[in-house]
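> Dropping a structure here in structure tokens format, bear with me for questions.
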Amino acid sequence: MANYFEGEMKIDVNLEGLSQQFKAKAIKAFERVASELDGRYADAITNDYWDWPRDTKRGIGGPKATLREKAQAWKEENYDTGSPRDIIDSGGIKGSQNMKLDSANFTCSWVWNTKYAAAVHEGARIYPWGNKKRSKVELPARPWTSAVIEGTHGVPKYDYLGKFKKYFGT
């Protein structure tokens with residue numbers, strides 16, 4: 001399984017023959033779209049858009065608690081989460097979101113570098129908490145990047161090309 005998930009946005013802009021003023025305007029429009037898209041990805045991770053096939057306990061113990069501490073807390077607490085729900089459990093995916101902007105080439109890339117980001121985005125069959133004594137469970141795909149671009153899973157669609165044209169003034 002991959003230790004990260006990444007995506008890229010590129011808007012092809014023909015700058016030939018454009019004045020420096022128009023080039024600067026195109027770059028500013030691209031930067032604004034990239035910033036908004038960054039926020040939309042965070043929104044898709046943070047809000048309750050995602051169907052989940054079962055009730056589960058999550059969020060007890062905090063990100064620095066050991067697995068033993070979490071297991072004990074979950075045994076003692078009644079903290080079930082149903083559906084729809086957000087993608088946040090420990091906050092690792094949201095906290096690992098990293099945007100790299102290359103304005104001059106109209107390219108922006110995102111990387112989520114937690115070891116389970118690809119499993120969350122694409123779906124996977126895993127042993128719960130790595131415990132091979134238990135049966136594998138299905139993690140449904142929660143493709144937050146395509147959901148934002150396509151407007152699926154209840155996530156509002158972000159028309160990045162339309163926004164670019166609007167901000168550029170065409």
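> If you take the beta carbon distance between Asn131 and Lys165 as r and set R0 to 41 Å, what does 1/(1 + (r/R0)^6) give as a FRET efficiency, to the nearest 0.05?
Numbers: r = 51 Å, r/R0 = 1.24.
Calculated value: 0.20.
> Moving on. Compute the Cα gyration tensor for segment 113-170, then decide on rounded, prolate or oblate, letting a ≥ b ≥ c be the square roots of its eigenvalues: rounded whenever a/c is under 1.5, prolate when a/b is larger than b/c in the other cases, and oblate in all that remain.
On the way: a/c = 6.85, a/b = 3.34, b/c = 2.05.
Since a/c reaches 1.5 and a/b is larger than b/c, the shape of segment 113-170 is classed as prolate.
> To the nearest 10 square angstrom, what accessible area does Val137 show with a 1.4 Å probe?
The value for Val137 is about 40 Å².
> Still on this structure, I have one more. Add +1 for every Lys or Arg and -1 for every Asp or Glu among the other residues with Cβ under 13 Å from the Cβ of Glu31, and state the total.
On the way: positive: Lys23, Lys25, Lys28, Arg32, Lys100, Lys163; negative: Glu36, Asp38, Asp102.
That works out to +3.
> Can you compute the modelled spin-label distance between Arg54 and Thr66, with each label point 7 Å from Cα toward Cβ, in nm?
So the two model labels end up 2.7 nm from each other.
> Follow-up question, since we're still on this one. Using a 1.4 angstrom probe on the protein heavy atoms only, could you order Arg134, Arg54 from most to least accessible area? Could you put the intermediate results ahead of the total?
On the way: Arg134 125, Arg54 85 Å².
Per-residue accessible area, sorted high to low, gives Arg134, Arg54.
The values are calculated or read from the model by the stated rules, or taken from the named source; none is laboratory data. As the structure is a prediction and not an experimental result, all values here were calculated from the model. Every residue, glycine as well, gets a Cβ built from its backbone with ideal geometry; the counts of neighbours run over all protein chains shown. Accessible surface areas use protein heavy atoms only, side chains included; no ligands, DNA or RNA. Shrake-Rupley method; radii C 1.70, N 1.55, O 1.52, S 1.80 Å.
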